[in-house]
Amino acid sequence: MPVVNMKLVSIIGFIDELDSASLACASLCAFEPDVVDKFFKDANKFTNFVSTNSAVSHENILTEIINKINKKISELNTSDLMSRKQIIKYIDSFKEKIDKNINKINFYKNEINLNNNIINNLKYFKNLDYSINKFKNFEYIQVKFLKISKLDFKKLNLPENCDKFIIEKISEDNENYYCVIFISKEFEKEINSVLDKIKFNEIEISGLEFTPKQEIDKLKLKNKMIDAEIYKLKEGIEKFWEHQKITCAKVYSCLKKYEKCEAIKNYSKIYNDNFVLVGWVPEFKIKEISEKLDKISRVEYFVESGDELLKFSPPTKLKNKNIFSPFEFFVSTYGLPKYSDIDPTSFVAITYTIIFGIMFAEIGRASCR
């Protein structure tokens, strides 16, 4: 079976119509742009078209924000094309809405982490029946909450029978003591010089109105309330996504078309105020591309048969019956035939099936021996 007949479409028009012509080609989903220079003798007079390809950057913004809410998006088969301004406006609005909720969620999560850190510090001192603030407001006494390893505690060489400090072990785990040390401020330097000789961690606990146990219970309750707020925000994001996912997919599809459009435009050449664009189109798509280009003013196009342009190496497109089409993969793996050659897919399908049938028959016979 021969390969699909290809036609070369040469498009010439005013530079202002390049966007429309490229979009028409991109929407065809079968236009393969080619290098303009090789089809024209005076190609040295042409200049390259430079595209900013803003569609890719906006596509990245959209996919990034969708990834933040752990969703996926795919292209829709739609003929409607939103303008670039509409797309940018929608993405900005969509991003603002999602970011606002995500920032709130992250703020609440940070608050929970801070509360959990305080709870972890307080749990070792929950046997204290005093408000932490009382310890912090002593005028002549400094209070420190320390975590000291049991080995270092043994090395602690504090003066005995001294009324200038008191150290109390409040709790312990397998490796550490958790202590409160009361130091007379006039004796602070001497005690600190002793503490500097061992390893310890000072636990920062301040600004708490109640006892450690009461504060732990209060913070746990607060975390539950924050979790409820986070759940509401996530639920709101889910509802918002359900309402917007079709529109998002439409915007994404339009961006993909604009991306293809930009890629096609990069093949074009500029001559004065005109552009030149060439590409290959399957014969059965010529009517469709013609109808699209006919709607664009100040654009002309010419169609030539690929059979007459073999020296320019038309692209090879395979088109087989459904029974043979899966085997096109094997043909493309080893290299597509030239445009002027015969499509070997049907031959590959038959021989491949026979060879594998023989192989499995031999395996069956061998296993029965």
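The values are calculated or read from the model by the stated rules, or taken from the named source; none is laboratory data. Nothing here was measured: the structure is a model prediction, and the numbers come from that model. Please note: Cβ atoms are built from the backbone with ideal geometry, for glycine as well, and neighbour counts cover all protein chains shown. Ligands, DNA and RNA are stripped out before the accessible areas are found, and what is left, the full protein with its side chains, is counted by its heavy atoms. Shrake-Rupley method; radii C 1.70, N 1.55, O 1.52, S 1.80 Å.
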Give, in nm to one decimal, the length gained when the segment between Asp173 and Val50 is fully stretched (0.36 nm per residue of separation minus the Cα-Cα distance).
37.5 nm
Per-pair calculated FRET efficiency, R0 = 45 Å: Lys95 and Lys123 via Cβ, rounded to 0.05
0.65
Determine the per residue accessible area of segment 205-256 with all protein chains present and a 1.4 angstrom probe, expressed in square angstrom.
59 Å²
Rounded to 0.05, the calculated FRET efficiency for the beta carbons of Glu229 and Val35 at R₀ = 51 Å is 0.30
At 1.4 Å probe size, what's the solvent-accessible area of Phe39? Round to the nearest 10 Å².
40 Å²
With every protein chain kept in the model, how would you rank Phe107, Phe275 by accessible area, 1.4 Å probe, largest at the top?
Phe107, Phe275
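Ordering Lys155, Lys169, Lys257, Lys41 by accessible area with a probe of 1.4 Å, largest first, what comes out? List each step's numbers first, then the result.
Values: Lys155 140, Lys169 105, Lys257 35, Lys41 200 Å².
Per-residue accessible area, sorted high to low, gives Lys41, Lys155, Lys169, Lys257.
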Violations at 28 Å Cα threshold for listed pairs Lys147/Lys189; Lys68/Lys89; Lys89/Lys234; Lys85/Lys287 -> Lys85/Lys287
Mind checking the per residue accessible area of segment 69-156 for me, 1.4 Å probe, whole number of Å²?
68 Å²
When all protein chains stay in place, what accessible area (Å², nearest 10, 1.4 Å probe) is found for Met82?
30 Å²
Would you tally the net charge around Lys269, using a Cβ to Cβ cut-off of less than 14 Å, leaving Lys269 out, and scoring K and R as +1, D and E as -1?
0
